[in-house]
1. Being assigned to a strand (DSSP E or B) and touching a helix residue (DSSP H, G or I) at 6+ places or on another chain (Cβ under 8 Å) narrows it down to one residue among 7, 22; which is it?
2. Just to be sure before I move on: is residue 154 surrounded by 13 or more Cβ atoms within 10 Å (Cβ to Cβ), under 19 Å from residue 4 (Cβ atoms) and in contact (Cβ under 8 Å) with a residue 40 or more places away in the chain in the structure I sent?
3. Taking the criterion of being more than 16 Å from the chain's Cα centre (by Cα), more than 30 Å from residue 33 (Cβ to Cβ) and surrounded by fewer than 16 Cβ atoms within 10 Å (Cβ to Cβ), would at least one residue in segment 67-87 satisfy it?
4. Filter segment 105-128 for residues that are in a strand (DSSP E or B) and in contact with a strand residue (DSSP E or B) (Cβ under 6 Å, 6 or more places away or on another chain); which is farthest from residue 12 (Cα to Cα)?
5. Could you tell me which of the residues 56, 30 is farther than 30 Å from residue 148 by Cβ, part of a helix (DSSP H, G or I), touching a residue at least 12 places away in the same chain (Cβ under 8 Å) and not assigned by TED's automatic domain parsing to the domain that holds residue 83?
6. For the subset of segment 67-99 comprising residues that are assigned to a strand (DSSP E or B) and in contact with a helix residue (DSSP H, G or I) (Cβ under 9 Å, 6 or more places away or on another chain), which member is nearest to residue 150 (Cα to Cα)?
């Protein structure tokens, strides 16, 4: 079965400069930490502790500066991935989808990120519009989107835009 990508939406900002800043800063801290340990003959001083904490903060900030929600509509289903929290795409095949439609939601109650509830999941980066998927097993999935019209057009063309 073909898995051609018919539509792809990447939500997030290109923060390459911020990521590079944290990489360079962490590198400087690592070099300073090594020099400090050499000068202090392996004794871990207060400066070394501060440098170590700075390295950890730079690594965490660098990871969180690259948050993106990737949604793909392919010929075999819908693929979604929330970077850096997921290492691979979650796949929702057309065979397992009972209904799919575009709907509004309250971003204050949904929040940003991956939300798991007893009835399903929500992937939201920004906005108040999403793709609502109801699977045949009763679970639900909400994927936030900034391109609801384009997605509705593609789903109509595929004959997948369906509601009970």
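The values are calculated or read from the model by the stated rules, or taken from the named source; none is laboratory data. On a predicted model such as this, the values are computed, not experimentally measured, just so you know. In this analysis, Cβ positions are derived from the backbone assuming ideal geometry, glycine residues included, and neighbour counts consider all displayed protein chains.
1. Details: 22 fails: assigned to a strand (DSSP E or B).
Matching residue, one of 7, 22: 7.
2. Details: surrounded by 13 or more Cβ atoms within 10 Å (Cβ to Cβ): yes; under 19 Å from residue 4 (Cβ atoms): yes; in contact (Cβ under 8 Å) with a residue 40 or more places away in the chain: yes.
Yes; evaluated as a whole, the condition is true for this residue.
3. Yes, the conditions are met somewhere in segment 67-87.
4. First pass over segment 105-128, keeping only residues in a strand (DSSP E or B): 113-117, 120-124.
Retained after the next criterion (residues that are in contact with a strand residue (DSSP E or B) (Cβ under 6 Å, 6 or more places away or on another chain)): 114-115, 120-124.
On the way: 114: 14, 115: 17, 120: 23, 121: 19, 122: 16, 123: 13, 124: 11 Å.
Going through the qualifying residues, I end up with 120.
5. Details: 56 fails: touching a residue at least 12 places away in the same chain (Cβ under 8 Å).
It is 30.
6. At the first step, the residues of segment 67-99 found to be assigned to a strand (DSSP E or B) are 68-74, 77-83, 90-93, 97-99.
Subsequent filtering for residues that are in contact with a helix residue (DSSP H, G or I) (Cβ under 9 Å, 6 or more places away or on another chain) retains 71, 73, 77-78.
On the way: 71: 13, 73: 11, 77: 16, 78: 14 Å.
So the residue we want is 73.
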